[in-house]
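Accompanying notes for the structure given below.
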Amino acid sequence: MVNTFTKSVPKSHYVGPGAAQEVVSRTLSVLVDNEPGVLARVIGLFSGRGYNIDSLTVTETEHEMHLSRITIVTRGTPNVIEQIKHQLERLVPVHHVHDLTLEGRSLERELALIKISGRGEKRIEALRLAEIFRASVIDASTEHFVFEITGRTSKIEQFIQIMTELGLVEVARTGIAAIGRGPSSQ
Amino acid sequence: MARTMSGAEIVIAALCDQGVEHIFGYPGGAVLPIYDALFQQEKVKHVLVRQEGGAVHAAEGYARSTGKVGVVLVTSGPGATNAVTGLTDALSDSVPVVCICGQVPTHLIGNDAFQECDTVGITRPCTKHNWLIKDVNDLARVLHEAFYIAKAGRPGPVVVDVPKDIQFATGNYVGPSNIAHKTYKPRMKPEQTAVREAVDLLINAKRPLFYAGGGVINSGPKASQLLREIVRLTGYPITSTLMGLGAFPASDKQWLGMLGMHGTYEANWAMHDCDVMVAVGARFDDRITGRIDAFSPGSQKIHIDIDPSSINKNVLVDVPIVGDVACTLEDMLRIWKSKTPQLDKAAHKVWWKQIDQWRAKKSLSYKNSRDVIMPQYAVERLYELTKDRDPYITTEVGQHQMWAAQYFRFEEPNRWMTSGGLGTMGYGLPAAIGAQMAHPKSLVIDIAGDASILMNMQEASTAVQFELPVKVFIVNNQYMGMVRQWQQLLHGNRLSHSYTESLPDFVKLAEAYGWTGMKCENPAELDDAIREMIDTKGPVIFDCRVATLANCFPMIPSGKAHNEMLLGGDVTEEEVEHAISEEGKVLV
């Protein structure tokens with residue numbers, strides 16, 4: 001385990017942990033053994049200790065080694081985030097935890113499937129906007145479209161907001177998958 | 001070389017290869033094949049408890065008094081759920097325990113079968129790790145891994161859930177291997193720059209303080225030796241947590257006593273006023289810190305812990321050191337000795353003078369009585385009359401536990417076993433049984449309360465069956481004393497359900513179990529009665545009737561700082577009633 005502690009902690013201890021610190025959003029990439037119950041361990045840790053999960057994505061990424069990557073978007077003060085990382089590293093099947101936000105320049109993408117229902121002008125407008133957002137039509141009838149859109153969360157949020165006015169009836173999202181830039185792996 | 005045998009035989013073979021001599025358990029349908037294998041061998045001795053919760057506490061007492069891993073064997077369903085409190089207790093206090101549970105056969109899992117429960121699901125948050133075995137060929141490897149995880153790094157409990165068909169199935173046995181674990185590799189050697197920084201801080205300290213915790217004891221006897229060495233070399237004062245008692249000898253002049261909610265005046269004030277503090281294997285629990293924003297406000301803090309998640313959890317520290325206590329203290333000593341440090345002797349003299357003034361308050365003094373046994377006096381006499389026998393002490397939870405911590409004095413590690421983190425009433429008797437099993441010739445005493453002892457009273461029967469001469473010294477005030485004390489502090493003296501109206505006759509109860517029962521209510525007879533208890537061959541319940549309304553002081557009321565302690569001598573009823581603010585009342 002790496003000895004990583006926030007070095008910028010105030011030297012005065014009249015500030016309790018968490019107090020007067022800003023809440024930040026962080027994307028954590030957790031590499032784990034893909035064994036039964038591993039996801040339950042991770043999410044149980046979050047619920048048991050009162051941490052937040054904004055988004056969670058998990059699937060096996062290295063089949064021969066049975067490794068899964070869990071990508072978690074969480075919120076908390078820097079001290080809480082540090083606790084979350086150390087608590088995750090304590091779980092036996094966890095290989096390592098990377099704070100992609102802190103390590104910088106990470107790529108984050110999300111995929112959403114969005115169903116629009118309706119006829120007439122709104123339907124045409126939806127199709128036009130979908131083109132602008134580079135969403136593709138993967139199912140259609142005279143009364144509906146299903147769009148597939150990939151991108152950063154903010155882009156998807158924006159697309160959904162626009163579609164709300166144009167007959168949006170259902171949304172399915174994958175949650176965030178994230179990876180560091182550059183040639184090296186983590 | 002791999003050998004072929006049944007799953008049940010694999011369990012026994014793995015226990016033997018791990019050097020296990022004693023296990024604590026209770027049989028049942030889903031674990032019968034393992035019990036059958038146990039029956040057919042003589043290496044592993046099984047201690048039959050009377051309830052599975054008792055098995056885990058006994059294993060904890062065994063583990064904490066020896067430094068070995070405690071082993072538990074229980075059946076599925078209620079066997080496993082009864083073990084949950086003990087497992088949680090072991091997790092809180094970092095006690096290495098391997099709990100093997102029977103489970104319904106693989107094909108019935110998820111079917112709501114008889115005595116089925118989701119053992120790995122239920123025990124996931126109360127263990128360090130757990131496993132459900134689905135292939136008999138994994139069993140041996142997982143069992144060896146279980147022992148490794150239980151004792152490596154910060155120790156803790158683990159569960160191995162073994163379905164009944166796996167116990168019958170034939171598979172390959174592999175012995176323990178020395179191959180490094182693929183993910184769990186706790187850091188033992190500390191980062192040298194951090195250690196150097198810590199030594200420099202210590203050298204330049206004007207008002208230094210060592211603060212030792214249970215981690216020193218968990219690190220092993222060498223850690224306690226090194227702690228003694230560095231504390232004596234520096235000449236600095238030392239305090240400890242409830243869990244750390246015995247890491248440093250209580251008879252030493254540098255010892256300030258325990259700190260925290262019921263700690264001594266000198267320990268808490270020293271913690272509040274120090275300028276450099278070294279936390280050694282301690283975790284800044286709320287019982288230690290009191291009001292967190294007023295905890296040791298002017299100090300630079302060094303924190304040595306093997307668990308990185310303990311650091312900066314409750315209190316932000318200046319020098320975090322991740323590593324084993326013994327490894328770290330060894331490095332600190334080496335660096336210190338290589339420096340020939342120039343200490344600020346004048347400042348240290350002032351500091352010790354200040355400490356002596358706090359000591360002069362005699363915060364553990366109490367008003368003794370000729371008519372009734374004061375509970376503090378009872379523990380003091382018990383200590384004086386047993387100290388030459390190197391006793392092992394366990395406790396239940398409550399006022400008696402704090403009095404035991406305050407008035408019993410420990411010179412060596414692994415002699416003191418109490419439920420510190422979880423605060424489990426009913427811990428003491430089974431823990432004493434476990435400790436006695438490991439140290440059959442030693443004097444083992446459970447300092448108990450009248451309410452707590454009833455929570456695992458059934459284990460008295462275990463002591464008889466295995467000829468374990470444990471002594472249960474009940475500090476009997478007929479109340480749940482600590483609950484009552486808090487009701488006095490917080491709830492206008494409305495003593496809601498903290499009085500046990502129909503306590504058993506403990507002497508007769510003892511006799512019913514085949515123990516010796518004794519009772520004492522006269523201070524003048526106490527010494528003789530305690531001597532008689534010690535000299536009695538078998539197990540004894542000693543019903544020590546004490547002053548019913550005595551409270552446990554000194555005390556930092558919840559929500560208050562270390563320099564706002566209540567002392568026993570001068571506290572008025574009104575002060576007790578107003579000791580805790582509205583904000584403090586919501587704290588536990």
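The values are calculated or read from the model by the stated rules, or taken from the named source; none is laboratory data. Since the model is a prediction, treat every value here as computed from it, not as a measurement. Ideal geometry is used to build each Cβ from the backbone, glycine not excepted, and the neighbour counts take in all protein chains shown. In case anyone asks, the SASA skips ligands and DNA or RNA and just uses the protein heavy atoms, side chains included. Shrake-Rupley method; radii C 1.70, N 1.55, O 1.52, S 1.80 Å.
Karplus couplings for the stretch B:118-132 from phi (6.51 cos²θ - 1.76 cosθ + 1.60, θ = phi - 60°), rounded to Hz, Gly and Pro as x?
With the stated coefficients, the stretch B:118-132 comes to 7, 4, 5, x, 5, 8, 4, x, 10, 10, 6, 6, 8, 9, 10 Hz.
Would you mind working out the magnitude of the charge dipole of chain B relative to its Cα centre, with +1 at each Lys and Arg C-beta and -1 at each Asp and Glu C-beta, to the nearest 20 Debye?
The calculation lands at about 1640 debye.
Counting only protein chains, not ligands or nucleic acids, how are A:Ser136, B:Ser310 ordered by accessible area (probe 1.4 Å), most first?
My answer, sorted largest first, is A:Ser136, B:Ser310.
Counting pairs of Cα atoms in the stretch B:292-419, how many percent are more than 23 Å apart?
Value for the stretch B:292-419: 62 percent of Cα pairs lie more than 23 Å apart.
Please sort by residue number the chymotrypsin sites (Phe, Trp or Tyr not before Pro) in the stretch B:1-93 whose DSSP state is loop and whose Cβ has at most 14 other Cβ atoms within 10 Å.
none
For B:Lys585, give me every one of the aspartates and glutamates with a C-alpha distance below 19 angstrom, ignoring sequence neighbours fewer than eight places off in its own chain.
Qualifying aspartates and glutamates at Cα under 19 Å: B:Asp285, B:Asp286, B:Asp293, B:Glu564, B:Glu573, B:Glu574, B:Glu575, B:Glu577.
Using the Cα gyration tensor of the stretch B:348-456, with a ≥ b ≥ c the square roots of its eigenvalues, what is the shape: rounded (a/c below 1.5), prolate (a/b larger than b/c) or oblate (neither)?
The shape class here is prolate.
Just want the answer: with Cβ charges of +1 for Lys and Arg and -1 for Asp and Glu, which residue in B:Ser219, B:Thr119, B:Val71 is farthest toward the dipole's positive end in the protein assembly as shown?
Positive-most Cα among the choices belongs to B:Ser219.
For A:Leu107 and B:Tyr499, what does the FRET efficiency come to when R0 = 60 Å and r is the distance between their Cβ atoms, rounded to the nearest 0.05?
Approximately 0.40, to the nearest 0.05.
Please turn the phi angles of the stretch B:312-319 into ³J(HN,Hα) values with the Karplus equation 6.51 cos²θ - 1.76 cosθ + 1.60 (θ = phi - 60°), one per residue in order, whole Hz, x for glycine and proline.
The phi angles translate into 6, 6, 9, 10, 6, 10, 8, 10 Hz.
Give the range of the longest stretch in chain A that excludes all trypsin sites (Lys or Arg not before Pro) found in loop regions by DSSP and having at most 13 other beta-carbon atoms within 10 Å.
A:50-104
Using the charge dipole of chain B (Lys, Arg: +1 at Cβ; Asp, Glu: -1 at Cβ; taken about the Cα centre), state which of B:Gly102, B:Ile541, B:Ala90 has its Cα farthest towards the positive end.
B:Ala90
So between B:Ser251 and B:Glu574, what do we pick up on full extension, going 0.36 nm a residue minus the alpha carbon distance?
This chain segment gains 112.7 nm when fully extended.
Pairs of Cα atoms under 8 Å, at least six residues apart: use those to get the relative contact order of chain B, whole percent.
Relative contact order comes out at 14 percent.
Please work out the C-alpha center-to-center distance from the stretch B:159-193 to the stretch A:67-91 and express it in whole Å.
Between the Cα centre of the stretch B:159-193 and that of the stretch A:67-91, the gap is 25 Å.
Along the positive direction of the dipole of chain B (beta-carbon charges: Lys, Arg +1; Asp, Glu -1; about the Cα centre), which of B:Ala435, B:Thr424, B:Leu209 reaches farthest?
Value: B:Leu209.
Can you give me the pair-distance distribution of chain B, C-alpha pairs, 10 Å bins, whole percents?
3, 17, 26, 25, 18, 8, 2, 0
If you scale each eigenvalue of the Cα gyration tensor by 5 and take the root, what three semi-axes come out for the stretch A:106-180, rounded to whole angstrom and sorted largest first?
Sorted largest first and rounded, they come to 23, 11, 10 Å.
Trypsin sites (Lys or Arg not before Pro), restricted to the stretch B:398-453: which are DSSP loop and have at most 10 other Cβ atoms within 10 Å?
When the trypsin sites (Lys or Arg not before Pro) of the stretch B:398-453 are filtered for loop state and at most 10 Cβ neighbours within 10 Å, B:Lys441 remain.
For A:Gly180, what residues show an amide H to amide H distance below 5 Å, using hydrogens built from the backbone and excluding near sequence neighbours?
Residues meeting the criterion, in which the H sits 1.01 Å from N, are A:Leu107.
Where a Cα-Cα gap under 19 Å defines reach, which aspartates and glutamates qualify for B:Lys164, not counting those fewer than 8 residues away within the same chain?
B:Glu9, B:Asp36, B:Glu52, B:Asp112, B:Glu116, B:Asp118, B:Asp135, B:Asp138
Quick one: ranking A:Ser117, B:Ser309 by accessible area, 1.4 Å probe, largest first, what do you get?
Accessible-area ranking of A:Ser117, B:Ser309, largest first: A:Ser117, B:Ser309.
Heavy-atom accessible area of B:His46 with all protein chains present, probe 1.4 Å, nearest 10 Å²?
About 40 Å², ignoring ligands and nucleic acids.
Find the centroid of the Cα atoms in the stretch B:348-390 and in the stretch B:431-469, then give the distance between the two in whole Å.
That distance is 27 Å.
Find, among the trypsin sites (Lys or Arg not before Pro) in the stretch B:495-545, those assigned to loop by DSSP (not H, G, I, E, B) with at most 11 other beta-carbon atoms within 10 angstrom.
Sparse-neighbourhood loop trypsin sites (Lys or Arg not before Pro): B:Lys537.
Counting C-alpha atoms alone, how compact is the protein assembly as shown: give Rg to one decimal and Dmax as a whole number, in angstrom.
When restricted to the Cα atoms of the protein assembly as shown, Rg and Dmax are 29.2, 100 Å.
Taking each residue of A:33-39 in turn, how many C-beta atoms of other protein chains fall within 10 Å of its C-beta, and what is the average?
2
Which pairs break 31 Å Cα to Cα here: B:Lys367/B:Lys387; B:Lys301/B:Lys560; B:Lys222/B:Lys441; B:Lys128/B:Lys337; B:Lys361/B:Lys387; B:Lys45/B:Lys151?
Result: B:Lys128/B:Lys337 exceed 31 Å.
Spin-label point model (7 Å from Cα, Cβ direction): what's the A:Asn52 to B:Gln478 distance in nm?
5.5
Would you kindly find the accessible area of A:Val171, with a 1.4 Å probe and non-protein molecules such as ligands, DNA and RNA excluded, rounding to the nearest 10 Å²?
Solvent-accessible area, nearest 10 Å²: 60 Å².
For the pair B:Leu32/B:Gln115, report the inter-label distance in nm, with labels modelled 7 Å from Cα in the Cβ direction.
0.8
Can you work out the FRET efficiency for the pair A:Arg181 and B:Leu108, with r the C-beta to C-beta distance and R0 = 56 Å, to the nearest 0.05?
0.65
How large is the Kirkwood hydrodynamic radius of the stretch A:24-99, counting all unique pairs of alpha carbons, in Å?
12.3 Å is the Kirkwood radius here.
Taking 7 Å along the Cα-to-C-beta vector as the label spot, tell me the B:Thr340-B:Glu384 distance in nanometres, rounded to one decimal.
So the two model labels end up 4.9 nm from each other.
What does the charge dipole of the stretch B:1-63 about its Cα centre add up to, to the nearest 20 debye, if the Cβ of each Lys and Arg holds +1 and the Cβ of each Asp and Glu holds -1?
40
What is the dipole size for chain A, taken about its Cα centre, with +1 at each Lys and Arg Cβ and -1 at each Asp and Glu Cβ, in debye to the nearest 20?
The calculated dipole for chain A is roughly 540 debye.
In straight Cα distance, which aspartates and glutamates are under 15 Å from A:Lys85, not counting same-chain residues fewer than 8 positions off?
A:Asp99, A:Glu103, B:Asp307
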